[in-house]
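For reference, the structure is listed below as structure tokens.
Any read-out appearing in this document is the output of simple, stated calculations on the displayed coordinates, not a laboratory observation. Computed from a predicted structure; not experimentally measured. Glycine also receives a Cβ, built like all others from the backbone with ideal geometry; neighbour counts cover every protein chain displayed.
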Amino acid sequence: MKFEMESERLTFTKLVESDWELFRSINTDPKLMKHIRTVRSEEAIRNTFEKELASWSLTSTHWLTWIIREKASNKEVGMISIYSHDGEKRVAEVGFILLEAAQGKGYGTEAIRSVIKFGIDTFAFEKFTAVCSEDHLASRRVLEKVGMKLEEVLPENTEINGRLVNDCFYSRDI
């Protein structure tokens, strides 16, 4: 199955081996990881990368990850992923991260809308969810722009750099 997509300003290609340097650089950047997780070892990042290179189906136990690029320049602007916790329930979790230079341009909103449309058209997903730290206001705004609603805030749910943070759980029914 082809997992390529495009939107008005962006293209999306499934993660491939040649994307390692981008994947590594994003996952080791303390600024980009500030609201997501403690920066992991390169070995742990490589293990995740290897899993996400594998073929993907609704029953996969890893994320389906795309590299996001600007159409006009073909420059990489970030990554976006979906994960189906239970293929039979047709629910997908969405996660995204944009390079610092690509933030504030509406790319996150455009990317999530594209992935939601793809998920509905390709896998008949009926619900999309997302989790982000309460302090990550930009991501929360993006999730709300694509129609996700805040369902729950779990206090001190995730440890990032030795600090417990509150997690916001969002969802959108189709």
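Taking all Cα pairs closer than 8 Å and separated by 6 or more residues, the relative contact order of the chain comes to 19 percent.
Reported to the nearest whole Å, the Cα centre-to-centre distance from the range 11-26 to the range 137-164 is 25. Summarising the label geometry, the points placed 7 Å from Cα in the beta-carbon direction at Asp173 and Arg90 lie 1.3 nm from one another.
What translational diffusion coefficient, in µm²/s and rounded to a whole number, does the Stokes-Einstein relation yield for the chain at 25 °C and a viscosity of 0.890 mPa s, taking the hydrodynamic radius as the Kirkwood radius over Cα pairs? Once the numbers are plugged in, D ends up at 149 µm²/s. With R₀ set to 25 Å, the beta-carbon distance separating Ser57 from Arg113 gives a calculated FRET efficiency near 0.60. Taking Lys105 as the anchor, which aspartates and glutamates have their alpha carbon closer than 19 Å to its alpha carbon, excluding any fewer than eight residues away along the same chain? Here the aspartates and glutamates satisfying the reach criterion relative to Lys105 are Glu6, Glu8, Glu70, Glu76, Glu144.
Pairs spanning more than 21 Å between alpha-carbon atoms, out of Lys31/Lys149; Lys2/Lys71; Lys14/Lys75; Lys2/Lys117: Lys31/Lys149.
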